[in-house]
Every structure is written in structure tokens, then in C-alpha cells.
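Worksheet for the structure shown next.
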Amino acid sequence: YYELLMTYEDTSKYIDYKLPEGYHIEFYKPGDEEFWVDIHMKSGEFTSREKGLQHFHVFFDSFIDELDKRCFFIVNDFGEKIATSTISKLVEKEDGYDAAVDWVAISKEYQGKKLAKPMISYFIKLANSLGHDKLMLHTQTHTWLAAKLYLDLGFIPYKIEENLKGWQILKTLTNHELLKEIDCIDEKEMYSDIALKIVKILDEKYTNYEYEIWD
């Protein structure tokens, strides 16, 4: 796990991807923190509801009165909230940025249903409507496919030298054009020793399996 910082430098410019038929956007209302936790548990972020609710309040209580216009959900035709994202209002500016994209998640069973690009374009549009000309985004190597998509849609790497190994991992996994000046990394440096040992054991026993590490 390595955190990756990215920025979007002009929120007035974006490709407006539309949600597929059968989905719509709803904003947060009191009580929706339960659905927020559900989504993040289903996407693999939390192992317990208690931990999820704790993170919700740590991150959002400072601007809870504005959450109904900053936190949104993608909802299916059955009324189920299945994805979420938030334009966080930073308590203190960070390098001139006063807003960040936080807690982007899509429930695992809805991943691959062409929701990611519409969600990204929507939160860029939302940030602009809230008066944020530029955005900071926090992501990580564990969700490298999402990180690649952010790069594809106009986010750029930020503070590479402060977390060079994370960017080297992303370069190795994606070979993205925006990372062409970054060196690849050896696989032995990219995965933890225990993870490689577990994979070796699983490979000897099974031909098909899913394997995740929870911290």
C-alpha cells in the first residue's frame, strides 16, 4: 500500500460521461452514513461497520452541514445506493488546494458496469459548481486500476518524489504515458514477502481463486 496524490488543474474542463440507463445521482441526507459504510465495506475498504462509521465522522464532521451538497451516491432503479464520492472541504488549504476528492467507491458487484467514468466526470463538475477551480485527489496503489483511470481522465501525478515507490509500482502495473519519466520496479519490491509466499502456496493448491489482504 502506497498513497498516491493527484491533482486536477481546471475543473471547468472535463468530458461529460453520462450514467448508464437505470442509474441516477442522489445527494447525502442524514442517515445515509449507513449506506456509505455499506458501500465501502462491499468495495473492501472496511472490515467492520464500527470502523467505517468512525472514519465517516473523522473525515466529514468538520463540514457535516455541507455534506448534502458535497457527498453523492449513485443509485440503481431499485433504490439501492451502490457507489459514492465526496468533494471534501479542507479545513486548511493544502498547497493552495481547498478541496479534495475523497472516499470514491463502487460496490464490488457493480464494478465493471461503466459507472466509474460518469462518477469521475460528475465529481469534477460538482467541484466546479462548488467554486473549486482545482482539485486534489487521494488514491493508492491497492486500487491501481482506478488510479490509471484518473490519469486517463485528466488527473496528473503530484509530489512524485515524496512517494516515488508508489509511482514506480503504478508505472510497472500500467505503463501509463504520464509516468514515462518514472522507472519500473522489480516485482520483489512491489509485493510484500508474505503476500508472495501466500500466492505461491495458493498456486500449488488451486488453479482459480481470489485473494485479498486486509490490513
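The values are calculated or read from the model by the stated rules, or taken from the named source; none is laboratory data. Since the structure is predicted, the reported quantities are computational estimates derived from the model, not experimental observations. Backbone-built Cβ (ideal geometry, glycine too); neighbour counts: all protein chains shown. Remember, those area values only see protein heavy atoms, side chains included, never the ligands or the DNA or RNA. Shrake-Rupley method; radii C 1.70, N 1.55, O 1.52, S 1.80 Å.
In terms of distances greater than 29 angstrom between alpha carbons, the cross-link table entries Lys13/Lys69; Lys93/Lys117; Lys165/Lys200; Lys69/Lys180; Lys93/Lys113 yield Lys69/Lys180; Lys93/Lys113. Please say if the range 83-155 is rounded, prolate or oblate, where rounded means a/c under 1.5 for a ≥ b ≥ c the square roots of the C-alpha gyration tensor eigenvalues, and otherwise the choice is prolate for a/b larger than b/c and oblate otherwise? Taking the square roots of the gyration eigenvalues as a ≥ b ≥ c, the range 83-155 is prolate. If you roll a 1.4 Å probe over the chain with all protein chains in place, what percent of the accessible area is carbon or sulfur? Taking all protein chains in place, the chain shows 50 percent carbon and sulfur surface. With respect to the chain, whose longest principal axis is taken over its alpha-carbon atoms, helix 33-42 is tilted by about 20°.
With a ≥ b ≥ c taken as the square roots of the eigenvalues of the C-alpha gyration tensor of the range 106-215, please select rounded if a/c is under 1.5 and otherwise prolate if a/b is larger than b/c or oblate if it is not? Taking the square roots of the gyration eigenvalues as a ≥ b ≥ c, the range 106-215 is oblate.
Assuming charge only on the beta carbon of Lys and Arg (+1) and of Asp and Glu (-1), the dipole of the chain about its Cα centre is about 480 debye to the nearest 20.
Remark: the chain carries 58 Å² of accessible area per residue (probe radius 1.4 Å; ligands, DNA and RNA excluded). Ranked by the mean number of other Cβ atoms within 10 Å per residue, highest first, peptides 77-88, 4-15 order as 77-88, 4-15. Between His55 and His142, the modelled labels are 0.7 nm apart [label points 7 Å from Cα along Cα→Cβ]. Stretching the chain fully between Glu181 and Lys18 yields a gain of 55.4 nm (0.36 nm per residue, less the alpha carbon separation). Hey, which aspartates and glutamates would be in cross-link range of Lys108, C-alpha to C-alpha under 14 Å, not counting anything within fewer than 8 residues on its own chain? Once the sequence-local aspartates and glutamates are set aside, what remains near Lys108 is Asp38, Glu45, Glu80, Glu210, Glu212.
Taking Cα atoms only, the orientation of helix 164-174 departs from the longest principal axis of the chain by about 80 degrees. Please label the shape of the range 1-84 as rounded, prolate or oblate, based on the square roots a ≥ b ≥ c of the eigenvalues of the alpha-carbon gyration tensor (a/c under 1.5 means rounded; beyond that, a/b larger than b/c means prolate, else oblate). Because its axes are fairly even, with a/c under 1.5, the range 1-84 counts as rounded.
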